[in-house]
Amino acid sequence: MPGFQTRAIHAGEIDPVLGAVTLPTFSSATYESGGETRYDDVRYIRLNNTPNHRVLHAKLAELEGAEAALVTGSGMSAITTALLSVLKAGDHLLAQRMLYGGTHSFVTRDLERWGIEHDLIDADDPDSWKAKLRPNTRAVYVESLTNPLVTIGALDQVAPFAREHGLVSLIDSTFATPVNFRPIEHGFDLVLHSATKYLNGHGDIVAGAVIGATERVDAITHDLNHLGGSLNPQACALLHRGLRTLGLRMRQHDANGLALARFLEEHPAVERVHYPGLESHPDHARAKAWFSGCGGVLSFELRGGVEVADQVLKHVRLPAVAPSLGSVESLITRPATTSHSGIDPELRRALGVPDELIRVACGVEDAEDLVADFEQAIAKAAGG
Ligand SMILES: *Cc1c(COP(=O)(O)O)cnc(C)c1O
């Protein structure tokens with residue numbers, strides 16, 4: 001099989017259209033009827049079957065090592081459509097405790113309205129999962145790397161557990177990307193992405209993806225066709241362009257994450273660094289066994305609390321103070337004021353997210369420049 005970057009560029013591509021070497025953007029909402037009889041086959045942007053959609057689907061499937069893929073209007077559209085497709089009223093879902101904020105509130109607050117129950121599980125402790133099973137349990141949902149502590153659960157145990165108990169296994173692999181971790185190879189049924197992040201990589205669209213066996217992806221496509229969360233062709237074209245450099249960009253994100261984590265770990269003003277690429281991280285052995293890199297996201301705690309943390313945010317020059325991740329430019333946030341602001345401060349601390357925690361999403365700048373920027377910002381912050 002060709003290497004990752006070769007597939008990122010060539011997989012799924014169609015013959016040149018009117019000689020155009022690069023896939024044109026097909027903005028047509030509707031297409032001449034070709035005798036299609038099934039609703040899902042009628043060619044129309046909302047039905048996710050324009051040439052731009054089809055090329056993306058084939059490329060994503062090949063990169064994850066799956067049969068089929070579907071792009072969606074956002075990461076949350078991928079997640080909610082997949083869950084609502086797999087689950088029906090009366091079903092029960094097991095979901096990892098530490099989840100992306102939007103997913104966490106969808107699972108814990110919204111699903112109930114569709115008559116779907118849930119329990120949260122500790123992804124680190126597979127022995128505890130069986131006790132949470134109910135006769136109506138239908139699916140298990142985890143993330144490959146969590147936010148903001150960048151932990152890795154017992155991912156090798158999820159698919160065997162799901163198979164033993166007849167569950168569908170889903171994983172949000174946004175933080176890992178198929179460059180660093182391929183869940184299908186570990187037996188997962190469905191891989192979900194916020195393609196807003198690394199897959200597009202340039203911070204200029206929101207998009208999502210659902211990847212897995214043809215039968216499952218077809219069923220989810222049918223539901224997306226009704227729910228309407230389609231990705232428009234212009235965003236498809238941007239995602240297509242971003243995907244073609246995914247392997248190159250991830251190499252730099254991985255290198256920057258590791259370089260900055262190593263620098264921070266040695267710094268006397270830093271209390272703790274969370275990055276599984278570090279030997280000191282509790283999930284380092286899992287990272288080494290299953291991942292080829294740990295991405296660009298890390299978090300750390302400084303001595304001196306919230307005031308010093310805010311000074312670092314004020315003095316860094318390269319990262320923008322903004323949520324999100326996976327773009328070419330670095331971003332920095334204090335999760336207590338962004339992604340985790342809705343959680344009670346006591347509970348937040350119990351979850352391992354103290355108010356002073358800083359999260360960095362390294363872009364693809366030169367590692368030396370990122371490290372130097374944090375060095376000067378921490379010196380200024382610690383100096384008053
Ligand atoms: C951003 C993100 C999402 C949501 O994706 P959107 O594209 O913003 O809808 C879901 N999961 C993870 C892990 C994310 O980082």
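The values are calculated or read from the model by the stated rules, or taken from the named source; none is laboratory data. Predicted model only: the values in this text are computed from it and were never measured. So basically every Cβ, Gly included, is an ideal-geometry build from the backbone, and we count neighbours across all protein chains shown. Calculation scope for accessible area: heavy atoms of the full protein, side chains included, ligands and nucleic acids excluded. Shrake-Rupley method; radii C 1.70, N 1.55, O 1.52, S 1.80 Å.
Which residue fluctuates most in the GNM of the chain (Cα springs below 10 Å): Ser105, Ser339, Ser33?
Maximum fluctuation in the GNM of the chain, among the listed residues, is at Ser33.
Please provide three numbers in whole Å: the alpha-carbon extents of segment 247-382 along the principal axes, with the largest listed first.
Per principal axis, max minus min of the Cα coordinates gives 37, 30, 27 Å.
Rounded to the nearest 0.05, what FRET efficiency do Val21 and Asp204 have when you use their Cβ-Cβ distance and R0 = 22 Å?
Efficiency, rounded to the nearest 0.05: 0.45.
Which one, Ala259, Val353, Gly247, projects farthest toward the positive side of the charge dipole computed for segment 247-382 from Cβ point charges (K/R +1, D/E -1)?
Selected residue: Gly247.
Can you sort Lys380, Lys130 by solvent-accessible area, 1.4 Å probe, largest first?
Largest accessible area first, the residues go Lys130, Lys380.
Can you pull the three principal axis extents for the Cα set of the chain, in Å, largest first?
Cα extents, longest axis first: 72, 56, 36 Å.
Taking the Cα centre of segment 4-243 as origin, sum charge times position over the Cβ atoms of Lys and Arg (+1) and Asp and Glu (-1), and report the length of that vector in debye to the nearest 20. All intermediate terms of the calculation are to be shown ahead of the outcome.
Working: 19 positive and 28 negative charges, 71 e Å.
The calculated dipole for segment 4-243 is roughly 340 debye.
Please report the accessible area of Asp189 (heavy atoms, 1.4 Å probe, ligands and nucleic acids excluded) in Å², nearest 10.
It works out to around 40 Å².
Rounded to the nearest 10 Å², what accessible area does Thr22 show when all protein chains are kept and the probe is 1.4 Å?
Here the residue's solvent-accessible area equals roughly 90 Å².
Return the calculated 222 nm mean residue ellipticity for the chain, to the nearest 500 deg cm²/dmol, obtained by summing -39500 (n - 2.57) across DSSP H runs with n ≥ 4 and dividing by the residue count.
-11000 deg cm²/dmol
In the Gaussian network model of the chain, springs joining C-alpha atoms below 10 Å, which of Asp110, Asp283, Asp254 carries the largest mean-square fluctuation?
Asp110
Just to be sure I follow the rule: in the chain, considering lysines 8 or more places apart or on different chains, how many pairs have Cα atoms under 26 Å apart?
6
Where does each of Glu185, Glu356, Glu36 land when they are ordered by accessible area, with a 1.4 Å probe and the largest first?
Values: Glu185 130, Glu356 35, Glu36 60 Å².
Largest accessible area first, the residues go Glu185, Glu36, Glu356.
Largest first, how would Met1, Met98, Met250, Met76 line up by accessible area (1.4 Å probe)?
Heavy-atom accessible area, descending, gives Met1, Met76, Met98, Met250.
Under 10 Å, Cα contacts only: if you run a Gaussian network model on the chain, which one of Thr337, Thr196, Thr151 comes out with the highest mean-square fluctuation?
Of Thr337, Thr196, Thr151, the Gaussian network model singles out Thr337 as fluctuating most.
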